[in-house]
Structure formats: C-alpha cells, structure tokens
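See structure below.
The values are calculated or read from the model by the stated rules, or taken from the named source; none is laboratory data. Bear in mind the structure is a predicted one, so any value in this text is a computation, not a measurement. Methodologically, a virtual Cβ is constructed for each residue, glycine included, from the backbone with ideal geometry; neighbour enumeration extends over all protein chains shown.
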Amino acid sequence: MPISIQDLDNSYLSRTYVERLFATNQFKPAPLLNNDPTAAIDRGTAKAAIIIPPNFEREIKSRKPVTIQALVDGTDVNNARIIQASLRATTQFFVRSVDLIPASVVEPINTNVRLWFNPGRKESLYIVPGIFGVVLWVFPSMLSGIALVKEKEEGTVAQVYASDLSSIEWLLGKELAYLAVGLDEALIVMTVATLLFGLRFRGDPTTLLLGTVVYLAASVAFGLLVGARAANQTAAVQGTAIAGFLTALLLSGFIYRIENIPFPLSLISKIIPARYFIEITRDAFVRGTGWVGVWYAPLMIALVGLFFFRTAAKVLSRMQFLD
C-alpha cells in the first residue's frame, strides 16, 4: 500500500524507522506532494501519510515519549484497519530492534492514528457507492442488449438496413433512449440510498453528475455491443451477466482491492468502467476531493464506452453487408 513520509527530524533513528516501514513489504513509498502530507491522500496517490516530528531521536534518547502522527485514508474501513495494525506492529518491532532506545522506556514511540474522510468508520460509506457502480452497469446494459436482439428477431433491423439511416445513427437513437432510462434509474437508486444510509455529497457534485452520464452511456453502449453479437435474448442476458456483472463485481475494486487482484486480471481491471465510476462515487460521497482526485475517471469511462459503441456499429454494418 502506498504511503507518504514527512520526516521532520531526518536523523539516524527517523531514517531507520522509515526503512523498517518499507522493509515489511506491506508499504511502498509514495511521493510527498508540495510538502503537504494530506495532499497525496486527497489525490489518492497514498493510502496514509506518516509524520515524524522534529527532535525524534533527541526525545527518544532523552527517555521522553514521542508521538508519530499517522493520517490514514478511511474510505476503505478494512484497508484502514490493516494500515493501522501494520503501523503499530512495525513501531513495536522498531522499538525492540534498535539498541539506542533505553530499555527503561516503556513506550518511547506512540503512533497517533487519525482516519481521514471517514472518522466514524462507517462501512456503508464504502459499500453503498460501490453498489452504485454495479447496479448502474448491469441493468442499462441488459435492457439495451435485450431490446436490440428483440428488434433483430422481429426484423426491425432489416428495415433499418433498407432505409437511409446508418448503423451509427440508429444506434445513437437507441443510446439516447436507454441513457434516459438509466438516468431515471440512477436518480431513484441514489435518492433511496441517500435516505436509507444517510449519504451526503462532499465537495463538487459535478464530478458525480458528469461521471454518471458518461458511465450510463458506456453501459448502454456495452449492452448494444452484446445485443449486436447475440443470437437471441437469452444469449444477450447471459452476455451482460457474465461479461458485465462479474467484471463490475470482481474487477472494479468493489469487493477486492485493486492492489490485491492478481497480475493478469489487474490489467483487465484497467479497462473496466465500473472501477472508475466507483472511484467517482466514493469520492463524491466520502472523500470530496472533486476533479483534483478523479479527473481521469470520466475520461477513461468515455474512451471505453466509445470503443463499445464503435464496435457495435461495425458489427451491425458487417451484418448489413452479409444480408
């Protein structure tokens, strides 16, 4: 897990303590942005920030207690608990292993852990925004996929081939129609979740608004691609369920942390739109950093959604040529 270090003492003991942290293989260094320990957490480049106070070595040698400040990203409560336990265990090991610390000092180093964004350790603040990503990906894609297959079965697509409409124009009409349906669904789901779990917007809501629109458009485009390739409605449902639901559930960071996903699958997770939308929703309801922290997420969703749409249009154009 990436952590940033602000060593205000820069002494032998402070550097040794930092080496002990990274020797555990539990942490990896993250850059300290603008000499501000909270900036890396706000931008999501670090899961925690460790602040070593001035006179760290002098106070220990003087047999006085020293307090190390640890700011931990509390967005993921379980992850925060792991970081907190690892920091305290490493600190205890450091105290026992360094000979310069007098044995008479019972607790020379105290780790003061402060949870950032979620001091109340509410699990709902982490789980509910993730549910948004799964629900808003599965249902719009399934509806658009089934609708496209149904029109293929009823021969409506053949009529489109005979008209002046291009495959892109026809798919764009489908895209806008089911995008409107998806927006209604998103409004209902988020309103109910806000009332039931007490979620509140934090920071700039425009990231959530734009991210939701782009995400739903990508979901509908994915459903159109599945529908264009599926032979019947059953295949369309299975395609959206397997390729859509399972990836959104398992490779998006909703259940498993991205860092814990095995290497081949972690590459696939980079093109899963649900991964980026969940980052947007968790930022909107928990972190509140706005565009500074998630500027890249709508862009990635839009690129993947555009790929789905263009591929669906090519599939329909190829079918028209074969017919």
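So which residues in segment 1-14 are touching a residue at least 40 places away in the same chain (Cβ under 8 Å) and either assigned to a loop (DSSP other than H, G, I, E, B) or under 30 Å from V292 (Cα atoms) (or both), if there are any at all? Give the steps one after another, and end with the answer.
Taking segment 1-14 and keeping what is touching a residue at least 40 places away in the same chain (Cβ under 8 Å), we get 1-9, 11-14.
Answer for segment 1-14, where residues must be touching a residue at least 40 places away in the same chain (Cβ under 8 Å) and either assigned to a loop (DSSP other than H, G, I, E, B) or under 30 Å from V292 (Cα atoms) (or both): M1, P2, I3, S4, I5, Q6, D7, L8, D9, S11.
If you scan segment 15-55, which residues turn out to be in contact (Cβ under 8 Å) with a residue 40 or more places away in the chain and in a loop (DSSP other than H, G, I, E, B)?
First, the residues of segment 15-55 that are in contact (Cβ under 8 Å) with a residue 40 or more places away in the chain: 16-17, 20-21, 24, 26-27, 38, 41-55.
T24, Q26, F27, G44, T45, A46, K47, P53, P54, N55, listed by residue number.
Can you find a residue that is of a type outside the set (K, R), surrounded by 15 or more Cβ atoms within 10 Å (Cβ to Cβ) and either under 24 Å from T281 (Cα atoms) or within 19 Å of the chain's Cα centre (by Cα) (or both) anywhere in segment 49-69?
yes
Could you check segment 70-99 and list, in sequence order, the residues that are of a type in the set (S, T, N, Q) and more than 25 Å from E259 (Cα to Cα)?
First, pick out the residues of segment 70-99 that are of a type in the set (S, T, N, Q): 75, 78-79, 84, 86, 90-92, 97.
Q92, S97 - these are the residues of segment 70-99 that are of a type in the set (S, T, N, Q) and more than 25 Å from E259 (Cα to Cα).
Hey, among the residues in segment 1-17 that are of a type in the set (V, I, T) and crowded, with 17+ Cβ neighbours inside 10 Å, which one's nearest to I109 (Cα to Cα)? Reasoning before the result, please.
Filtering segment 1-17 for residues of a type in the set (V, I, T) gives 3, 5, 16.
When the remaining residues are screened for being crowded, with 17+ Cβ neighbours inside 10 Å, the result is 3, 5.
On the way: I3: 19, I5: 16 Å.
Across segment 1-17, the extreme among qualifying residues is I5.
With the structure loaded, tell me whether F222 is in the same structural domain as M142 (by TED's automatic domain parsing), touching a Phe, Trp or Tyr at 6+ places or on another chain (Cβ under 8 Å) and surrounded by fewer than 17 Cβ atoms within 10 Å (Cβ to Cβ) or whether it fails that test.
Values: in the same structural domain as M142 (by TED's automatic domain parsing): yes; touching a Phe, Trp or Tyr at 6+ places or on another chain (Cβ under 8 Å): yes; surrounded by fewer than 17 Cβ atoms within 10 Å (Cβ to Cβ): no.
The answer is no for F222.
Please go through segment 247-274 and pick out each residue that is in contact (Cβ under 8 Å) with a residue 60 or more places away in the chain and of a type in the set (D, E, K, R).
R257, E259
Might you check whether a residue that is without any contact (Cβ under 8 Å) to a residue 12 or more places away in the chain, among the hydroxyl-bearing types (S, T, Y) and part of a loop (DSSP other than H, G, I, E, B) occurs anywhere in segment 61-70?
Within segment 61-70, one or more residues are without any contact (Cβ under 8 Å) to a residue 12 or more places away in the chain, among the hydroxyl-bearing types (S, T, Y) and part of a loop (DSSP other than H, G, I, E, B).
Wholly within segment 241-323, which helices (runs of 4 or more DSSP H) include no fewer than the required count, namely at least 2 residues that are over 11 Å from the mean Cα position of the chain (by Cα)?
Numbers: elements: 247-250, 263-269, 273-282, 291-294, 296-322.
Correct list: 247-250, 263-269, 291-294, 296-322.
Scan (1) outside the structural domain of P273 (by TED's automatic domain parsing); (2) under 27 Å from I258 (Cα atoms); (3) crowded, with 18+ Cβ neighbours inside 10 Å for the single condition T24 breaks and write down its number.
Unmet condition: (3).
Cβ-Cβ under 9 Å, sequence separation 6+ or interchain: first residue in segment 285-296 and assigned by TED's automatic domain parsing to the domain that holds P205 and at positive phi, partner assigned to a helix (DSSP H, G or I) and modelled with pLDDT of 85 or more. Which pairs?
G290/T206; G290/T207; G290/D283; G290/A284
Of A180, A147, which residue is aliphatic (A, V, I, L, M) and either free of Cβ contacts under 8 Å to residues at least 40 places away in the same chain or at positive phi (or both)? Write out each step before concluding.
Details: A147 fails: either free of Cβ contacts under 8 Å to residues at least 40 places away in the same chain or at positive phi (or both).
Sole residue among the options that is aliphatic (A, V, I, L, M) and either free of Cβ contacts under 8 Å to residues at least 40 places away in the same chain or at positive phi (or both): A180.
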